1. Residues in region 4-41, backbone N under 20 Å from the label point at Arg80 (7 Å along the Cα-to-beta-carbon vector): list them, ranges by number please.
2. Once label points are set 7 Å from the Cα along Cα→Cβ at both Gln149 and Ala11, what is their separation, rounded to one decimal in nm?
3. For Glu47, Glu26, Glu19, Glu93, what's the largest-to-smallest order of accessible area, 1.4 Å probe?
4. Give, as a single signed number, the net charge of other residues whose beta carbon lies under 10 Å from the beta carbon of Leu37, with Lys and Arg counted +1 and Asp and Glu -1.
5. In nm, to one decimal, how far is the Ser22 label point from the Arg166 one, both placed 7 Å along Cα→Cβ?
6. So, counting K/R as plus one and D/E as minus one, what does the shell of residues with Cβ under 11 Å around His147 add up to?
7. In Å², what does the accessible area per residue of region 1-100 work out to with a 1.4 Å probe?
8. For region 76-89, what does the Karplus curve 6.51 cos²θ - 1.76 cosθ + 1.60, with θ = phi - 60°, yield as ³J(HN,Hα) per residue in whole Hz, taken in order and with x for Gly and Pro?
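The values are calculated or read from the model by the stated rules, or taken from the named source; none is laboratory data. Because the structure is predicted, anything quoted here is derived from the model rather than measured. Because the Cβ atoms are built from the backbone with ideal geometry, glycine has one as well, and the counts that use them run over all protein chains shown. These area figures cover heavy atoms from the full protein model, side chains too; ligands, DNA and RNA do not enter into them. Shrake-Rupley method; radii C 1.70, N 1.55, O 1.52, S 1.80 Å.
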Amino acid sequence: MDPGSDADLSAMFRKGRPEALSALYERYAALIYTLALRSLADPAEAEDVTQQVFVAAWRARDSYDPGRGSLAGWLIAIARNKVTDVFRGRRRESGALRKMIGQQGRATSLTVADQLVDRLVIADELARLGEPQQKIMTMAFFDNLTHRQIADALGIPLGTVKSHIRRSLIRLRSRLEVDGVAP
């Protein structure tokens, strides 16, 4: 079966034929990447979303119903969800550390001394993270670098940077809750 038409490609894809995934990627990757890039304005994140879309599509191929829409439309819907996930992740990451250092969620009645103590506690907790997590967190939240900029500067994969940030935020939150600093 040649995946020349969308109907043929759809049938091959739903049967789980690996060459169908390859053909699907060749046919629609540029479309998905362009949509992700326009939404996210970050080529690296657009690449990640594109990859995530095709992985998710392959895993959920049994749920695709050609009677409800085209493969392109289905992929676009998956892409929209993945882009939304990226925006939620950005908001969650930036809010988590800012909340911990008192830039959000705290009463404005904190004295300068209280704010200084909070910043020292955060600095101490960051120092306890070790490398490269400490460096990555500092670059992300104090130097305001994007994940891609951090990856390029440190010469490590983008996914590794994202994983370090997520795990570090969880670790910081846990430590600060135990110490009674975080709400």
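1. Output list for this probe position: 28-41.
2. So the label points at Gln149 and Ala11 sit 5.2 nm apart.
3. Final ranking, largest accessible area leading: Glu26, Glu47, Glu19, Glu93.
4. On the way: positive: Arg38; negative: Asp42, Glu45, Glu47.
Charge balance in the 10 Å sphere: -2.
5. Each label point lies 7 Å from its Cα, and together they span 3.0 nm.
6. Working: positive: Arg90, Arg148, Lys162, Arg166; negative: Asp42, Glu45, Asp48, Glu93, Asp152.
That works out to -1.
7. On a per-residue basis, 56 Å².
8. Running phi through 6.51 cos²θ - 1.76 cosθ + 1.60 with θ = phi - 60° gives 5, 5, 5, 4, 4, 5, 5, 5, 4, 4, 5, 4, 5, x Hz.
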